[in-house]
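Quick note: the coordinates plus some simple rules give every number you see, no bench work behind them. Owing to the predicted nature of the structure, the values given are computational and were not obtained by experimental measurement. Cβ coordinates were reconstructed from backbone atoms using ideal geometry, including for glycine residues, and neighbour counts include every protein chain displayed.
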Amino acid sequence: MCGILGYASSVPISRASFGQALDTLSKRGPDAEGLREFKTDGCQVLFGHKRLSIIDLSAAGIQPMSDQTDDFTIIFNGEIYNFAELRAELEQKGHSFKSKSDTEVLLRGYMEYGQKVVEKLDGMFAFAVFDKKKRVLTFARDHLGKKPFFYYLDDKRFVFASEIKALLEFPVIRKALTLERMSILKFLTYGYVPSPNTIFTQIHKLEPATTFQFDLKEWKIKNKYCYWDLESIVVSDSLSEEETLDKLDLLVQKSVKKRLISDVPVGVFLSGGVDSSLISAVMAKQSKQVSSFTVAFPDYAGDESEYAKKVAEELHLNSNIIPFHKEDAKKYFFEMLDYMDEPTADPAIVPLYFIAKKAKSKITVVLSGDGGDEVFGGYSKYIAQKYAGRLKLPREMTRLMSFLARSDVHKRFLDGLDMPFYGRQFFYGSGGFHPVEAMKLMKMNAVAVDEIFKESKEYDLKFRQNDIVNRSLYLDCKLLIPDWYLTKGDRTTMAASLEMRNPFLDKELVEFAFSLAGNRKVKRNESKYLLKKLACRYVNKESIYRPKKGFAVPLDNWIFEVLKNEFKTVLFDETDGLFDMDYVQEIYSTYPRKGKNVEFKLLRIFALKYYLKRLKWFKNRG
């Protein structure tokens, strides 16, 4: 895992200035650094790379990497799991190799197939290739967006990086940036800013499964296309349940095996839930002395580490259960927030960063159960979507029932009934603001729901299956997974210089999951029906069929006790001028009314305000 940075401009900058920006990515790649400069027809091109050594630890794998003619140069963040097969294919076509790295395979794959090489890749990646003769830069991001890619473009500069913080190091870019108010509104509703948007108008995220080129001669983006999709997969239920489980079993085993390829130690994050328990069990079958890492909350009633301990004992894992105490919250909460280069509304970044830092002393690569819920139907919102589409209640009745609802769960279900499917998908289960609330908070005039959920609507229109559950899962795979959960996983582990791999997000496994009818994943209101059945082949049934809690953290305790002063200082600071402060006070004062869970809304407000305060981005900056 690595950090990449590139700069193309008709206005040269010093290598020292570029190096300073590259240094912001040091945690992504602490093992080595590389920098190349090219000058071609009045344009300066700089490529920088920070390396975390995983495969081929020798100097032969150092980047930027060029071919023997120096016509093609690559910088690459990620892992190509099928690089051995692709290498053999390229050798048959006459290519020779001087390293054992997947980077060189990717470079030569590009030389052979051009931009279409992405269609041959299996892995997680974001890369850039410079074709010096054609004066063209080519970029791509992996199928589900595991690896990040941001870019900035004006009439003199095209700059890209693994993280926004590297772009902000260039004073001319920082000065040009303005906050995108619609992105802030989206953050309050989604809980993140969906691709291709960011919090800044001038910085964009490359969407998952997408490749494009930048032509230095014409100074424009071209040949942008999506090279892989889920929307055209057809449901095929020809297999019996047992045959389906057998195939699913083989695909999970295959996916885990790929992700064990490494020249450094590999471990697993184990929560004791279905997903991480299954991944741990399959690892234990394929590898000796598997080390598992679990966060325990000894001061919190919701602590679930006992379940992880039972699973670890059953599987004979080298278990590491590490307690996270109240006093740890203050240190790791702000340490992680200070690393994040986008506003983040997920409190799980704190314990995840904590456990990643502890695990780093023993391993360099870790497997995770992330993706199991979004691919195999683990959330109650998938069930809620089934019922919401069937209910045809008069608006007045819905509003009355919502007013009388005793809990946020019931109120949220009722409030979502008036929304289109693609809006409900990201309102149910998120803990965030209803669009009307978000507009009130931001003192904005009415904005159409279709504009707020524009990205979701566009994807929803592409989906061809007439299957409510798969439709819900598809939208989560396109937006929730890359822009929230994988962003969380990437940043928290990279902040600790640890590489995370996600077996449930294997391309072939995801394709198979979408070929199954939704009622095979959510059956008679039972979530993750198939995955639980499969997990029971490996782990004690009692560990699998227990109530789902998710990766819960004591957020209310942090906001109103442990970090009370810090939260109040940021929440009620009026310097940024973004929010209706009376409404912020109203939300804050609602706690601790029974059934009213306001902590997630407060976290979204806090995350935005803290992010802008840290950047010193006040209202006079736009």
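Which number comes out as Rg/Rh for the chain once both Rg and the Kirkwood Rh are worked out on C-alpha atoms?
0.95
When the helix-only estimate is applied to the chain (DSSP H runs of n ≥ 4, each -39,500 (n - 2.57), divided by the residue count), what is the mean residue ellipticity at 222 nm, nearest 500 deg cm²/dmol?
-11500 deg cm²/dmol, from helical runs alone.
May I ask you to list the residues of the range 431-469 whose amide nitrogen lies under 17 Å from a point 7 Å from Cα along the Cα→beta-carbon direction of Ser589?
441
Mind checking the full-extension length gain between Asn540 and Lys224? Use 0.36 nm per residue of separation minus the Cα-Cα distance, one decimal, nm.
109.0 nm
Can you spot the aspartates and glutamates whose alpha carbon is less than 14 Å from Lys309's alpha carbon? Ignore those fewer than 8 places along the same chain.
Within the straight-line cut-off, Lys309 pairs with Glu542.
Compute the distance in nm between two label points, each set 7 Å from the Cα along the Cα-to-Cβ direction, one at Lys254 and one at Met182.
Each label point lies 7 Å from its Cα, and together they span 4.1 nm.
Mind checking which lysines have their C-alpha under 20 Å from Lys247, skipping anything on the same chain fewer than 8 residues away?
Within reach: Lys257, Lys258, Lys285, Lys507, Lys521, Lys523, Lys528, Lys532, Lys533.
For the range 554-616: lysine pairs with Cα atoms under 17 Å, gap of 8 or more or different chains, count?
Close lysine pairs under the 17 Å cut-off: 6.
Below 14 angstrom from the Cβ of Val447, what's the summed charge of the other residues (Lys, Arg +1; Asp, Glu -1)?
+2
Quickly work out the Ala301-to-Lys568 label distance, labels modelled 7 Å from Cα along the C-beta direction, and quote it in nm with one decimal.
Here the answer is 2.5 nm between the modelled labels.
Under 17 Å from the Cα of Lys454, which aspartates and glutamates turn up, not counting those fewer than eight places away in the same chain?
Glu180, Glu207, Asp418, Asp476, Asp483
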